[in-house]
Structures are given as C-alpha cells and as structure tokens.
There are 2 protein chains.
Amino acid sequence: MKEAARQARAEGHLIGFVPTMGALHEGHLSLVRRAKQECTRVYSSLFVNPKQFGPNEDFAKYPRALESDCARFDQLKVDAVFAPTLEEIYPSGFSTYVTVEGLSDRLEGRSRPGHFRGVSTVVLKLFAIVQPDFAYLGRKDAQQVAVLQKMVRDLNLSMQIVVCPIVREADGLALSSRNAYLNAHERRAALVLHRSLEAARAELIAGTRDSLEIQNAMRAVFEKEPLARLDYAAVVSADTFEPSVHVGGASYVLVAAHFGKTRLLDNMLVEPARADSSELDFHL
Amino acid sequence: MKEAARQARAEGHLIGFVPTMGALHEGHLSLVRRAKQECTRVYSSLFVNPKQFGPNEDFAKYPRALESDCARFDQLKVDAVFAPTLEEIYPSGFSTYVTVEGLSDRLEGRSRPGHFRGVSTVVLKLFAIVQPDFAYLGRKDAQQVAVLQKMVRDLNLSMQIVVCPIVREADGLALSSRNAYLNAHERRAALVLHRSLEAARAELIAGTRDSLEIQNAMRAVFEKEPLARLDYAAVVSADTFEPSVHVGGASYVLVAAHFGKTRLLDNMLVEPARADSSELDFHL
C-alpha cells in the first residue's frame, strides 16, 4: 500500500482515502463516490480495529465481509483496497499510541473508555501508510471526525479531512454496520434516534435555544420507546464538542442509545443560516 | 518549512533532517555533516520543546543561541533552518500526544516523568512537517533514539532514523548543550561518567557478563567522586532497553548523574564482535 501510494504521489496524483471497518453500506459507498469525484486515485482500507473496542464490546462479532466489500469497492473503481491483518497493524511489541486529550474523554469517550485512543492510533497509522491528500469520513460519527480533525491539526499532517453527510434509510434510520444486529422489534425502536433529533429540530424552530430544554424534549421522545435505553442526548459546540448551555454558533445535537445489545448513534448539525439572522440550518 | 520540503520532494531530492534544541556543539554539527554526505537536501530545526522538560527542570534557562546557531548551520550549507515559535508548535488548545509505552517509562523516563511523551510528540510533529527520508540523531541520548525508532516503526512512518556516534571532548566528556552549566569543579567531576563506562568496559574485557557486577564496578567509580550524584548505572538490551541480567547480544551500558544542578548522560554500546566468538566491540 505504501509503495502504491508513493508511486501515485510521485506521478502527481491527488490521493483520496476512505478508511473503513468493512461491512460496507451506502454510507461508506457515498464516501467513495465523493472521493472519486475529487481525486485521481482513491484507496480504501478494510480493518476491524481491536484497539477501538472495549473488552465487553462487539469486536469478535463485528460483521466481516471481505469478499463482498472488495466487490463493492471494485464496482466503484477504487484503485486499491488495503486490508491488512491484525499482525501487520499491531505486530508483537506494538506500544505507540496517539491520544487527543479532552475531546476524547467526553460523550462517546466517556461511554467507551479508550475508544478514541484506538481510533486515533490506527487512523494515524493508516494516514502514514497512504499519505492521502484527502480522507473521507462520515458525519454519523461526528465526535470521531472531530477527534481526527484535531489530530490532523495538532500533529501538522499534510492532508485534509472531508466530512460527508449521513446516509439514512427511507424511514430515517442512519446507516450503520451495526444495524445488522437489530431484530425486527429493535429495528422499529431504533427510529427513536431520528425522532429525537426531529424533536430537537422542532424545539429549535420554535425558538428554544436552551440546551437543557432541547435535551428534555429528546428524552421525552425516548420515554415513549420501551425498547430503547438512552445513553446520552447532548448539545455541544461543533468546534470543541464542549457542552453548550445555549445554542449559539454551529452545534451538534448528539444522541446515543442501546437497543438490546446494540448501541447506535445519530446526530444533527445545526448552523446559523446567515451571520445576520437567528435562523438556523439543519443537517440531519 | 512544509512547502519547502514538499517542493524538494517533488523535485526528487533525498531529504535529511537534523532536529535540535539549538545551543549547537560539535555533536550536532557531526549530524549535519553526515546528513550532507547522504542527502541532497538537509534541513535542521531549532526548537526548545517545553513539553519534554519537567516542571522543576531547566526549560527557562536552557541555552538559546538562535543567531550563532543559524550561522553554524549556514557554514555547513544546511538548506533551511526551521525555528518555529512556541505558539506555532503548540497553539492554544493543543492536546494531541504520542506515547511510546513501556520504553518511555524506564530509566530516563522514570527520572523524568513525561519527558519522552514530550519528545515523541514534538518529533512526530517535526517529522510530519518535514517528511524527511532520513533523520539524524546522536547516540548520546540512546534511549531517546530507541523511543523514536519505535515510534517510527509502530506508526508506519516512511523514513529512517540514522544513529550517529557520540562526539567527546579530548578528555572523554560527551558533548552536551548542558555542559555549559558546569563550573570548573563540576566539569572535572563530570569525567566520572566516562570513567565509569571505561570501568564497565574493563569488566567486560576481563570476562564479566553479570550486569550487577558491571554496575557495581561503575558505582565504585562514582563513590570516589564526591561532586557527582549518580542517578542510574544500567545495562540494558540495545533493542528493548529492558534490563539485562547477563550481557549477551547488543547492549547499552547507560549512566546518568547530577553535578550540582546539572544532570548529564553518557553511554557505551556493546556488540558481539562476530557471531562465532564471545569477543565484544565497544562504542563509546
């Protein structure tokens, strides 16, 4: 992979990179399509990274579909797929870690200790191997994107992260490889994530700017869904992921919940429509 | 710096990099000369990195000599000197750290908690900015070299670290920017570092392979020098920096001591002369 990318760089190609854990869905494919539009070489990776899973999480059962994933990348004319083994990424004695302090400790980081350390470490390695000009990430994992953007900035990496929209099912459920875990009841219940974001949007449209009120409206939606166990509903500054008391500038409304043994995320980006008005734009 | 290095890379240059904290001495200059021999572009950096100093260490008084340092780099035809400000390297909100676990916790890391985290973080940043083919480091800081070699390997960086010999004064004292702190009495006392390594060498030549015996011989040398306060005398595997019980393969004999307020290091690399004999080569 290093050698292929090095040669493409030497030939003057603009390199796009789509890191994934595989079990591809339309969300991943939308990243590849965007990369193909903007770059002359597109590489993807397939690697289920054990270091971003907690000891009681779903590393062992995380869906793996190497052959069909490769076929889908092939259809989209990805120039190379990097699918390293565990031993190639973490050889015996591996002990170097990248941590984005602060940002990694809140929300997802609080629910999943060590998660973002695993993410930033493996992604720095992948970035070092591929050395892309652009890396394409989905906004569904908004905090992950923020952690990696901060890593790129703090470590002076010569590349940019391109954040792509959430892809949803027709009924609003955000695509996730983990949706495959849901049974029919849980699948219906999981719509509460999207409904809670709609409730937050309705509050904001009605003029509410107090974060607590918005979170309460979201919680009320969850209370009507017995199959869901809310982990957090939060409103944070889009730049820092610090909790907002009052929705002012660009913000994320974030939600995480359990449905049986499956933990799912969703979010909505809220931005001032124009500098001179209090109107908001919503990106679900 | 990024742009200059990017352009040199695009032109096919082989890039050598010599990171320093300035206050240059012949040791640093020997790194530059080696880089000039092996590379077609040579860049150096001057940055006194606060994150590798402990709260009670000498960051504030560490010698700074920007003008004369630049003049010396100029004489050696260094192609560019990167001398960033504190704010450029650590802008407000900076929070991403690289840690090489295990290796960073022993010896120097034990005496100077957080030291190697500061070193690996700033050097990764410098490597990301310059993206050299080769980085030249002095063997005087043997554990630092080992930490950075492990970082390069673990994080899949596309570069190599070239380790260069220790440069010594005529009387045996290893060159260090911190030698400038010593008064005349301490300067004489500091020769105990080199003498203790000579004592270790004498033990090894006499056939001693037990690390404790070697360390005891070194300690005995220190006991005769009242102005020295020994921090550690150790024998470690050159690969892992794990303590050796018995000197077998390539090893470092390491010593650190205080002379008044000044803390100095020295070491000797010991290697089997040939695979088929018990004879040793010594690199002081």
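Observations
- Qualifying position, being over 22 Å from residue A:141 (Cα atoms), at pLDDT below 95 and over 16 Å from the mean Cα position of the chain (by Cα), among A:71, A:10: A:10
- Among the residues of region B:223-262, those identified as farther than 24 Å from residue B:177 by Cβ, touching a residue at least 24 places away in the same chain (Cβ under 8 Å) and of a type in the set (A, V, I, L, M, F, W, C) are B:235, B:236, B:238, B:245, B:247.
- Test: residue A:178 is among the basic types (Lys, Arg) and touching a residue at least 40 places away in the same chain (Cβ under 8 Å): yes
- Taken together, the residues in region A:81-113 that are surrounded by 18 or more Cβ atoms within 10 Å (Cβ to Cβ), within 13 Å of chain B (Cβ to nearest Cβ) and touching a strand residue (DSSP E or B) at 6+ places or on another chain (Cβ under 7 Å) amount to 6.
- Residue match in region B:238-250 (condition: out of contact with any strand residue (DSSP E or B) (no Cβ under 9 Å at 6 or more places or on another chain), assigned to a strand (DSSP E or B) and either in the same structural domain as residue B:202 (by TED's automatic domain parsing) or among the β-branched types (Val, Ile, Thr) (or both)): no
- Selection of first residues in region B:84-102 that are among the small types (Gly, Ala, Ser) and of second residues that are assigned to a helix (DSSP H, G or I), restricted to Cβ pairs under 8 Å at least 6 apart or on distinct chains, gives the following pairs, ordered by first then second residue: B:95/A:103; B:95/A:150; B:95/A:154.
- Test: residue in region A:167-177 that is more than 12 Å from the chain's Cα centre (by Cα) and crowded, with 18+ Cβ neighbours inside 10 Å: yes
- Selection within region B:31-40 - touching a Phe, Trp or Tyr at 6+ places or on another chain (Cβ under 9 Å) and either small (Gly, Ala, Ser) or closer than 17 Å to residue B:12 by Cα (or both): B:35, B:38, B:39
- Of the residues making up region B:1-18, just one is assigned to a loop (DSSP other than H, G, I, E, B), surrounded by fewer than 17 Cβ atoms within 10 Å (Cβ to Cβ) and of a type in the set (A, V, I, L, M, F, W, C), namely B:14.
- Within region A:129-140, the set of residues being at the interface with chain B (Cβ under 8 Å from one of its Cβ atoms) and in a strand (DSSP E or B) is empty.
- Qualifying residues in region A:19-44 (those that are of a type in the set (Gly, Ala, Ser) and surrounded by fewer than 24 Cβ atoms within 10 Å (Cβ to Cβ)) - the one nearest to residue A:90 (Cα to Cα): A:22
- Of all residues in region B:250-284, those satisfying the criterion of being surrounded by 16 or more Cβ atoms within 10 Å (Cβ to Cβ) and among the hydroxyl-bearing types (Ser, Thr, Tyr) are B:251, B:252, B:262.
- Within the set A:157, A:126, A:191, the sole residue that is within 14 Å of chain B (Cβ to nearest Cβ), over 22 Å from residue A:22 (Cα atoms) and of a type in the set (A, V, I, L, M, F, W, C) turns out to be A:157.
- Total residues in region A:254-277, condition within 14 Å of the chain's Cα centre (by Cα) and closer than 14 Å to residue A:108 by Cα: 8
- Any chance residue A:75 is exposed (fewer than 14 other Cβ atoms within 10 Å of the Cβ) and not acidic (Asp, Glu): yes
- Tally, over region B:174-215, of residues that are more than 30 Å from residue B:64 (Cα to Cα) and either out of contact with any Asp or Glu (no Cβ under 9 Å at 6 or more places or on another chain) or not in a helix (DSSP H, G or I) (or both): 15
The values are calculated or read from the model by the stated rules, or taken from the named source; none is laboratory data. Predicted model, so just to flag it, every value in this text is computed and none were measured. Note: ideal-geometry Cβ built from the backbone for every residue, glycine included; neighbour counts use all protein chains shown.
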